[in-house]
Structures are given as structure tokens and as C-alpha cells.
Amino acid sequence: MSPAAMIAEPEQPLGAAARKLTNFAARRAAGEPLSRIVGSREFWGLALTISPDVLDPRPETETVVEVAVAMFRDRRMDALRILDLGVGSGALLCALLAEFANARGIGVDISAPAARVARANIEACGLKRRAQIRVADWTHDLVGPFDLIVSNPPYVRSADIDGLSREVRDFDPRVALDGGSDGLDAYRAILPKSAPLLAAGGWLLLEIGAGQAADVLAIATRAGFLECAVHRDIAGLERVVAERIARDGIRTAGSRGNKSS
């Protein structure tokens, strides 16, 4: 049935579509997000497949891409090396490779089913020749240097998960949500191990949850990052923490920065 027919004759039976629509309506009434019902989500203008094995990409995560594009605006055509830790659906990696035409990327996820979804999206976006997806625990067996490392890690406190909206609590994989007792487990794992993988002048961009900026910055400082900045999303919330060792790759006192934008 075409959209025009539905408008012109709204009282007509739906015919063959009725059973599917009834099923979709019941799933939505139970709280399942529309993106999961139809199996796809648009992210940074790209149509991505999603499954129950991956986090549903959300608009606020696009802030990571915005910050990366701004930071590397003078290197848009460079052969950048990009690493996405906890790649999930591949949303961040696909968006970044689409923006940086000569970049190559690696996406890592501990979940083999999630890695399959990421590979499918990489291929569907025409990026297969410039990306590889690995199943591993964060930075295990990776060799740098990378110009850009990004991650949207699990950052919800374990005790808070049951209080999330049902669209998130019941349909996003728990492994993509649960950040441990204080929500910071993933940052403690990522930050120290990412520092040696960054190229001179390279950046690590991490999505964070509400109220976590100060704690993540403290972990970054202990890991040796001396230049840090906090970036806000379109709603004005602190959303991305950006860190690098130093412009020349040398850890020098006095190079630390902490600003919001």
C-alpha cells in the first residue's frame, strides 16, 4: 500500500500489510524503539543496520564526529590512522572514514556478533577496503601509531541500569551500557593503554555520561595525558572528552589544557 493510498483512503483495509503492522505496533507499544523494529538507524547521514547485539547509535554520539572533523580540519585529505574501541554497529568508524577520504581504520569489539554488524555496515557504506574489524578486548594486540582514537564506551553505573527508560534498558545490550559500580571501568581500561598508541599530535576522543567529565579528566591525567578539553553536545551537555599527550608527542609540564566548547 502506497503512502498516497493511505492518505486518500484511510478507511480501506490494509490487506497483506495488516499482520506486519499489527506486529510492529505491538512491539512499539512494548517499548521497542522504532529503529530496532525496522532494523536500521541513520547516523551522520549514513543508513546503518542495527541488531539486538549492538547499541542503537544516538544523535549525541555524533558530537564525537563533529569534534574530530574540527580538530583535523587541516588534515582532511591525509592518510590518517583511526581506531574505534568498542566499535558496536560501526557508526563512529563509518562516519569518520566517510569524512576523511584517505583515512584507514580499525574497529575493535569484544562481541563477535557486534563485530559482524560492524563489518556489514562498513561494506554497505563502501568502506571495506579502508577498514578492518577485530574481536578483542579493547587495545589487545594493537600496534600504533594512530592519529585518532575514538570510543563510546559503556558508562552507566551498574545500579542505574534498571532505572533507564525501557527503550534503553530492555533493548540495548547490557555489555554496551554497564560501566561498573561508578560507570568509569571502561575509561580506566582505555586511557592508560591508548596513550602509547597515539601518534605525535594524535587525539583520543571519548564520549562520557552526565557528570563524568571531572572523573575522566582525572583518569586521563594519571595516564599521562597533558592536553585535555571537554566538548558539549547540541543540548549543551558535556559529552566528549578530548585528550592528547602533547603536540610534539613529548610529555612536558605546563602543556595541560582543560576547556569547554
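Just so it is clear, none of the values below were taken in a lab; they were calculated from the coordinates. Because the structure is a prediction, the values reported are computed rather than measured. Heads up, the Cβs are rebuilt from the backbone with ideal geometry, glycines too, and the neighbour counts pull from every protein chain shown.
With respect to Leu48, determine if the residue is farther than 21 Å from Trp138 by Cβ, crowded, with 20+ Cβ neighbours inside 10 Å and within 15 Å of the chain's Cα centre (by Cα). The answer is yes for Leu48.
Listed by position, the helices (runs of 4 or more DSSP H) enclosed by the stretch 144-224 that each have at least 3 residues that are among the small types (Gly, Ala, Ser) are 185-194, 213-222.
Residues of the stretch 54-80 that are touching a Lys or Arg at 6+ places or on another chain (Cβ under 9 Å), in contact (Cβ under 8 Å) with a residue 60 or more places away in the chain and surrounded by fewer than 19 Cβ atoms within 10 Å (Cβ to Cβ): Glu60 alone. Annotation note: Cβ proximity below 7 Å between a residue of the stretch 5-19 that is without any contact (Cβ under 8 Å) to a residue 12 or more places away in the chain and a residue that is surrounded by 10 or more Cβ atoms within 10 Å (Cβ to Cβ) and not in a helix (DSSP H, G or I) (sequence gap 6+ or interchain) occurs for no pair. Taking the criterion of being touching a helix residue (DSSP H, G or I) at 6+ places or on another chain (Cβ under 9 Å), crowded, with 22+ Cβ neighbours inside 10 Å and among the small types (Gly, Ala, Ser), the residues of the stretch 88-117 that qualify are Gly88, Ser89, Gly90, Ala91, Ala95, Ala103, Gly105, Gly107, Ala114.
Against the list (1) of a type outside the set (Gly, Ala, Ser); (2) surrounded by 21 or more Cβ atoms within 10 Å (Cβ to Cβ); (3) without any contact (Cβ under 8 Å) to a residue 24 or more places away in the chain, the condition Asn23 fails is (2).
The residues listed here are Arg129, Arg222, Arg166; of these, the one that is touching a residue at least 40 places away in the same chain (Cβ under 8 Å), of a type in the set (Lys, Arg) and farther than 19 Å from Gly86 by Cα is Arg166.
The helices (runs of 4 or more DSSP H) found entirely in the stretch 22-132 that carry 3 or more residues being in contact with a Gly (Cβ under 6 Å, 6 or more places away or on another chain) are 112-124.
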